[in-house]
Amino acid sequence: MSITSTPLTDRASWKSLEAHYQVIQATHLRDLFAADPARGSRFTAEALGIYLDYSKNRVTDETLGLLIKLAEESGLKAKIDAMFQGEKINITENRAVLHVALRAAPGESIILDGVDVVPEVHAVLDKMASFSDRIRSGEWKGHTGKPIKNIVNIGIGGSDLGPVMAYEALRHYSRRDLVFRFVSNIDGTDFVEATIDLDPEETLFIVASKTFTTLETMTNARSARDWSLASLKDPAAVAKHFVALSTNAEEVTKFGIDTANMFGFWDWVGGRYSMDSAIGLSTMLAIGPDNFRAMLDGFHQVDEHFRTTPLEQNLPVLMGLLAIWYNNFFGAQTVAVLPYEQYLKRFPAYLQQLTMESNGKHVTLGGSEVNYQTGPIYWGEPGTNGQHSFYQLIHQGTKLIPCDFIAFTRALNPIGRHHDLLLANVFAQAEALAFGKTSAEVAAEGTPARLVPHKTFEGNRPSNTIMVDELTPSSLGKLVALYEHSVFTQGAIWDIDSFDQWGVELGKVLAQRIIPELENTEVGSLTHDSSTNLLIERYRSGRTANV
Ligand code: G6Q
């Protein structure tokens, strides 16, 4: 893939957008809606059962035209093709970025270094499916002959956040007689609390680690092995109670897991893009192979939409461009993702890794320092809880926070009036943010003059509303893929490597230096900065005092 030659801020469309921003920043959404009665239908896009209403954004036809031009000048289309064709677009790690191959249909073909990777993907999926069937049917027995009732996924980052999010999101479709737990933190509390009420004879550990060297995961996996063997006694029990999800067969074997119980994937699957790979085994165990395949199909449909749809109607492209508009021209620092669906309670946490590990970069593909903002901070909570906490700041604070509202037409748990009330709230919030309440309106209600400023809502606060019929395995796949490709779109325009994560390395290296200083107090004098030295000493002496 060629690196776009004209620096971003020198591109003609960028300069036009800067000039255009000066005009539009003073325009209120109230005026935009008043001037165009069809705005609410015109500024929408719909595909694959996803309805994106972006009319409550501070954009006009001209804005969108300029943003599309920016995408074109940034070579977005060629960059999309490069990803799908297996080019090594993760240039700092010299790797292809082929999570789209994980959800390619059988019979499709994606060639990497002369080899079609799609048959390998389906071979692993078939192996996962047959294992899932054996666990779910009770055919797979633990070491003492009991069927497996509890499944504990041990992994962190990309080997945890996707599985947790998908398990929670698809709980409605999951086997309620199986218990699922997720251990990620190296804090011993995470492991202890996850296993405290489980019977080792009925517990399967999934050790999910692409590298099989990650400190947190390997420490938790060793504690899990000790916990199992403390009851089961026989080391042969590991074969019945541990499976591995990894690319590193050598380390898996060293840990004592038979590679027959290993589900593989490939270096072209980034951790945060891996929930469709073997890393999704816990999801498949929960919802079954057919539902897992339906989820992959949802991803695949959005992949094809992203690859083939003209930019103007391309949902992830539109979302990515709107994010750039606020991030780079309005100076917005954050984006709130607000799903009005309790099952999506971990979706914002999942998106935090997807978006911020991908686009939290400070140099271009060519290695020069950027002179513009890159990835915004993503955060959020499910509605309506946030309305009773942080929405105040979004409505009346001094910061501009674009919001993505996500809502489903049909409830999975339709009891009483709940769903109507839930949806009334999401529509009301988007409406209130956009249109606000003028001081004249507040005064006309008889509000005492001194309270009028406090009760006035400026409005003009932008949001997208994404509506989907129902939360299903397929629609979850579509939603995640939508954000994956929106992230891609943003990274392509910022000309950064959205697929590496060097920023996580330094802390890991420094921790390795500190570990012996904590474990072995014989280690000579400390040579960190004065703050770190004192913190370590305080810990050492406090810890001894407790013993
Ligand atoms: C994701 C990152 C990171 C990774 C974890 C776990 O894109 O690479 O979050 O997933 O560090 O790594 P392992 O799967 O190798 O244990």
Quiz prompt | With 10 Å bins from 0: P(r) over segment 12-131, alpha-carbon pairs, percent | solution = 11, 25, 24, 20, 14, 5
Quiz item: Can you pull the three principal axis extents for the Cα set of the chain, in Å, largest first?
Solution: 76, 63, 58
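What is the percent carbon and sulfur in the accessible area of the chain, measuring with a 1.4 Å probe over the protein chains and ignoring ligands?
Details: 12310 of 23140 Å².
That fraction is 53 percent.
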Quiz prompt | 1.4 Å probe accessible area per residue over the chain, in Å² | solution = 42
Quiz prompt | segment 133-289, Rg to Rh (Cα coordinates; Rh as Kirkwood inverse mean 1/r) | solution = 0.92
Quiz item: If you plug each phi of segment 382-393 into the Karplus form 6.51 cos²θ - 1.76 cosθ + 1.60 with θ = phi - 60°, what whole-Hz ³J(HN,Hα) values come out, in order, with x for Gly and Pro?
Solution: x, x, 9, 3, x, 4, 9, 9, 8, 4, 3, 5
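Just to check, using Stokes-Einstein with a Kirkwood Rh over alpha carbon pairs, what's the diffusion coefficient of segment 479-547 at 4 °C and 1.567 mPa s in µm²/s?
Estimated via Stokes-Einstein, D reaches 83 µm²/s.
The values are calculated or read from the model by the stated rules, or taken from the named source; none is laboratory data. The structure presented is a predicted model; accordingly, all values stated were derived computationally and were not measured. Note: accessible area is taken over every heavy atom of the protein model, side chains too, but ligands, DNA and RNA are not part of it. Shrake-Rupley method; radii C 1.70, N 1.55, O 1.52, S 1.80 Å.
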